[in-house]
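As structure tokens, the structure follows; a few thoughts come after it.
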Amino acid sequence: MSLASLELSNVRKSYGATPVLDDVSLSMEAREFIAFLGPSGSGKSTLLRIIAGLETLDAGEVRLDGQRIDQLPPGDRGVAMVFQHYALYPHMTVRDNMAFGLRNARVPEEEIASRVAEAARVLEIEAHLDKKPGQMSGGQRQRVAIGRAIVKHPKLFLLDEPLSNLDAALRMRTRIELARLRQTVDAAFIIVTHDQAEAMTLADRIVVMNDRRIQQVGPPMEIYSRPANTFVARFVGSPAMTLAPVELLPGDGPYARVRLGSGAEVETRIPRAELPAGGALQLGLRPENVAVAANGSGAASAKVDLVERLGERTLVYATLSDGQTITAEDEGYSRVQLGDTIGLEIDGATAHLFDADGNGHHAEAQAQ
Ligand code: ADP
């Protein structure tokens, strides 16, 4: 089977007068697993449906393996889509559901039987081939829906929120199965999701979408540790990154030193020379950059609004003296109580700065 390489160039789409995608370009590598991540309404499904051929584009091009596909009917594109609602035929067996598309395409019966058997083996549903969808659990039905895509031997799988109908435990299991599937299937994958954990665990690269545009494309940890702008910074990571207005302090050191509204000073590892001259700045702190200090010491004092015990760690939501809210981390057996006044240690070494345009500036990459 040939390897997929998808190329989107300057794709635009409006519904009537409402623009939905504004100049979207993206290159995908062979066998890559990409996640479109973004809030509801950011255009993720529309983009996926344009690639699948279920939606037309107003401008731009879609190429797969170098061949232009945006004018081809869905069945001729070499892609297969898996929907959130499995859309199985209830009166047909699992076997016939999986075979249906191939029969329509007049694939010889022998070939159909071998492809269905192979997909059933990969998905471990061989024992259910003669059941009707109504006799199966949600997770099994979702596997049949994936099986129906696998038998088409697509170059590219398009998955539209395929796990969102499943309960939490099943979602986790199916996520692991999808990760395994991509090891065994010689194809590329795009998954649409609003669930960052799903995107982080499955994808080689995440495409973060908002406001009709791609905000950032990168491997999961790059998106997490070097967010391009305040939208990505707040959208990826849970709980969300604290963003606090700061003042840049004068100095001749290579790195920016800033002061929070409450007076606490933070020494970053962000090259001063990279920051725009003048203009507002926001400091970005992940919970793991802010620790509860022993005995109320530490650079900043804060009042505790909420204590969230997660077992292996405790999240502390607090307010600094100037009213700025901040999220800190403490050990699992934290003694912090609601209403306490606590000291916070802020570790500026991996903190972020965002300029007046919202663009991110990050610590210099550590030498390996
Ligand atoms: P997402 O998948 O990120 O939730 P969608 O691609 O479904 O976003 O939708 C993007 C925007 O396009 C939304 O504002 C949505 O209301 C609008 N939209 C989607 N489909 C249609 C349609 N068929 N007609 C009109 N507007 C639509």
Given the C-alpha centroids of the range 174-241 and the range 279-344, what is the distance between them in whole angstrom?
-> 27 Å
Per residue value of the accessible surface for the chain (all protein chains in place, 1.4 Å probe), Å² = 47 Å²
Working from Cα positions, state the angle (0 to 90°, nearest 10) between the long axis of helix 94-104 and the longest principal axis of the chain.
-> 70 degrees
Projected onto their principal axes, the Cα atoms of the chain stretch, largest extent first, over whole-Å spans of 74, 46, 44
To the nearest 10 degrees, the tilt of helix 109-123 (Cα long axis) against the first principal axis of the alpha carbons of the chain is 30 degrees
Fraction in percent of alpha-carbon pairs per bin - 10 Å, the range 1-75 = 18, 53, 25, 3, 0
Helix 138-150: angle to the longest alpha-carbon principal axis of the chain, degrees 0 to 90, nearest 10?
-> 70 degrees
Return an integer: the convex hull volume of the alpha-carbon atoms of the range 212-368, in Å³ per residue.
-> 137 Å³
Per the helix-only calculation at 222 nm, which mean residue ellipticity applies to the chain, given -39500 (n - 2.57) for every DSSP H run of n ≥ 4 and division by its residues, nearest 500 deg cm²/dmol?
-> -7000 deg cm²/dmol
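Please say if the range 219-301 is rounded, prolate or oblate, where rounded means a/c under 1.5 for a ≥ b ≥ c the square roots of the C-alpha gyration tensor eigenvalues, and otherwise the choice is prolate for a/b larger than b/c and oblate otherwise?
Judged from the Cα gyration tensor, the range 219-301 comes out oblate (a/c at least 1.5, b/c at or above a/b).
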How many percent of DSSP beta bridges within the chain run antiparallel, rounded to 5?
-> 75 percent
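The values are calculated or read from the model by the stated rules, or taken from the named source; none is laboratory data. Here the structure is a predicted model, which is why all the values come from computation and not from measurement. For the accessible areas, the whole protein counts, side chains as well, though only heavy atoms, and no ligand, DNA or RNA atoms are used. Shrake-Rupley method; radii C 1.70, N 1.55, O 1.52, S 1.80 Å.
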